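Below is one structure, written out as structure tokens; the observations come after it.
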Amino acid sequence: MVAKADSINGNANLLVEIAGFLHEGRPDAELTTTAREPRAHHDVAQQVERFARFADDQYLDSVALFAALSTRLRTAGGDFVHVDGETAQRFLDNVLHYGQYIAPEAR
């Protein structure tokens with residue numbers, strides 16, 4: 001498996017963009033006004049209001065989820081770079097500590 005920090009950060013940015021687009025296109029609460037009393041039966045008005053509250057709650061949860069996933073992915077990308085940097089540093093330290101220079105003509 002190969003992971004690249006640029007790809008991880010790019011995907012984190014996409015998740016934030018999705019959250020932003022969802023927020024910009026948020027549902028219009030005024031759309032339910034035509035289903036309120038006296039235009040609609042009392043029971044219908046109650047159910048439409050209940051559904052609108054539920055839909056708004058689900059909408060807010062999805063925006064928060066995309067934002068949270070973006071944050072978590074960005075954190076994972078930072079951790080990946082940190083671990084990758086430590087691995088590279090350990091490799092270089094081993095080369096410097098245990099490696100021996102051999103001149104080309106001595107090979």
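Each value in this text was obtained by applying a stated rule to the coordinates, not by laboratory testing. The model shown is predicted, which means the values in this text are computed figures rather than measured ones.
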Query raised in the report: Across segment 56-71, in residue order, what do the Karplus-derived ³J(HN,Hα) couplings come to in whole Hz, using 6.51 cos²θ - 1.76 cosθ + 1.60 with θ = phi - 60° and x for Gly and Pro?
Result: 5, 4, 5, 4, 4, 4, 5, 4, 5, 5, 4, 5, 5, 4, 4, 4
Query - J(HN,Hα) series, segment 14-25, from Karplus relation 6.51 cos²θ - 1.76 cosθ + 1.60, nearest Hz, glycine and proline x - result: 5, 5, 5, 4, 4, 4, x, 5, 4, 5, 5, x
